[in-house]
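S.K.: Before I ask anything, here is the structure I am working with.
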Amino acid sequence: GDSTAANKVEKALPENGWGMRIGELFNDNVTIANKAANGRSTKSFIAEKRWQEVLNELKPGDFVFIQFGHNDEKIDKPNVGTSLDEFEQNLIFYIDQTREKGGVPILLTPIARRKFENGTLMNTHGQYPAIVRKVADHTHTAWIDMESKTTKLLTQYGEEGSRQLFLYVNSGDRNYPHGKKDDTHLNTFGADEVAKLVVDGIRELALPIQKNLILK
């Protein structure tokens, strides 16, 4: 996945990805190998051999959670952006290779950005989430609709309240001396909340790893 799921270096905190936080919701029988990275798309994740790294470590029975879209949308950046067709083919590639190694692919739609207009949260991902749904259906792959789940979450918090989920820091912060207002990246609390939504999806899919959840 991309920055919304990735582990963060010390100088980026309090920015967090949900992949940093989800391990705390499982017992020690589950190991999280979070390979998500800032700025990556389905294309660049392959080109930079990051996907090969996943394959090298993948063992039969492992679950592979695949969440892209935020950067695939950036078609003005040819090394990152993908057309909808390319996005679709890349997702199928991930699924096929995961299954060849005996792993279990799980697709996730991208999480919502915090973009409100007249009090209504706007869709910023275009047709990319629809491609995830299409691929999941055609390849009989389990998927979690994180766009829908996070849209509901942000709507519940409202335009102002939802800031507490994202990287909003005041000037004078150790890592952001001039402050930061970021409606894409999560803070620690937001990452915790989004990780819980992923867990909800795991339960809804009745994945076997749900027996190792410590979150009730």
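S.K.: Considering only protein heavy atoms and a probe of 1.4 Å, how much of the accessible area of region 128-199 is carbon and sulfur, as a whole percent? Don't jump to the answer; show the numbers that get you there.
M.R.: On the way: 1650 of 3520 Å².
Carbon plus sulfur share of accessible area: 47 percent.
S.K.: Charges at C-beta only: +1 for Lys and Arg, -1 for Asp and Glu. How large is the resulting dipole of the chain about its Cα centre, in Debye rounded to 20?
M.R.: Numbers: 28 positive and 30 negative charges, 65 e Å.
Around 320 debye, computed over the chain.
S.K.: I've got another one for you. Can you list the aspartates and glutamates whose alpha carbon is less than 12 Å from that of LYS180, not counting same-chain residues fewer than 8 positions off?
M.R.: By straight Cα distance, LYS180 reaches GLU15.
S.K.: Please compute the per residue accessible area over the chain with all protein chains in place, 1.4 Å probe, rounded to a whole number of Å². Present the calculation step by step, with values, prior to reporting the outcome.
M.R.: Values: 10760 Å² over 216 residues.
Heavy-atom SASA per residue in the chain reads 50 Å².
S.K.: On C-alpha positions alone, give me the angle between the axis of helix 84-100 and the longest principal axis of the chain, in degrees, nearest 10.
M.R.: Taking the Cα atoms of the chain, the angle to 84-100 is about 50 degrees.
S.K.: How much net charge surrounds LYS43 when only the other residues with a Cβ under 14 Å from the Cβ of LYS43 are counted, with Lys and Arg +1 and Asp and Glu -1? Each step should come with its number before you reach the end.
M.R.: On the way: positive: ARG40, LYS49, ARG50, LYS74, LYS77; negative: ASP2, GLU48, ASP72, GLU73, ASP76, ASP85, GLU86, GLU88.
Residues near LYS43 contribute -3 overall.
S.K.: While we're on this one: Please determine, in degrees from 0 to 90 and to the nearest 10, the orientation of helix 146-161 with respect to the longest principal axis defined by the Cα atoms of the chain, where the helix direction is its Cα long axis.
M.R.: 10
S.K.: As a check on your grasp of the helix formula, calculate [θ] at 222 nm for the chain: sum -39500 (n - 2.57) over DSSP H runs of n ≥ 4, divide by the residue count, round to the nearest 500. All intermediate terms of the calculation are to be shown ahead of the outcome.
M.R.: Working: 7 runs with 80 residues, N = 216.
Here the helix-only value at 222 nm equals -11500 deg cm²/dmol.
S.K.: Next question. Sort 171-183, 30-42 by the packing proxy (mean of other Cβ within 10 Å over each peptide's residues), most packed first. Could you put the intermediate results ahead of the total?
M.R.: On the way: 171-183: 12.8, 30-42: 17.5.
Listed from highest to lowest mean packing, they are 30-42, 171-183.
S.K.: Here's a follow-up. What pairs from LYS74/LYS211; LYS59/LYS196; LYS35/LYS134; LYS8/LYS43 go past 27 Å between their alpha carbons? Intermediate results must be reported in sequence, preceding the final value.
M.R.: Numbers: LYS74/LYS211 38 Å; LYS59/LYS196 25 Å; LYS35/LYS134 24 Å; LYS8/LYS43 21 Å.
Pairs exceeding 27 Å: LYS74/LYS211.
S.K.: Among the GluC sites (Glu not before Pro) within region 32-68, which fall in a DSSP loop and have no more than 13 other Cβ atoms within 10 Å of their own Cβ?
M.R.: On the way: sites: GLU48, GLU53, GLU57; in loops: GLU48.
Answer by residue number: GLU48.
S.K.: While we're here: Using all C-alpha to C-alpha distances in region 1-120, build P(r) with 5 Å bins and read off the rounded percent in each one.
M.R.: Pairs per bin, as whole percents: 2, 10, 19, 22, 20, 14, 7, 3, 1, 0.
S.K.: Just the number: Rg to Rh for the chain, Cα atoms, Kirkwood Rh, two decimals. Don't jump to the answer; show the numbers that get you there.
M.R.: Working: Rg = 16.8 Å, Rh = 17.7 Å.
Looking at the chain, the ratio lands at 0.95.
S.K.: Using a 7 Å offset from the Cα along the Cα-to-Cβ direction at both THR31 and GLN164, what is the distance between the two label points in nm, to one decimal?
M.R.: Placing both labels 7 Å beyond Cα along the Cβ direction yields 3.7 nm.
The values are calculated or read from the model by the stated rules, or taken from the named source; none is laboratory data. On a predicted model such as this, the values are computed, not experimentally measured, just so you know. Note that we place each Cβ from the backbone using ideal geometry, even for glycine, and neighbour counts take in every protein chain shown. What goes into the accessible areas is simple: the full protein's heavy atoms, side chains included, and nothing from ligands, DNA or RNA. Shrake-Rupley method; radii C 1.70, N 1.55, O 1.52, S 1.80 Å.
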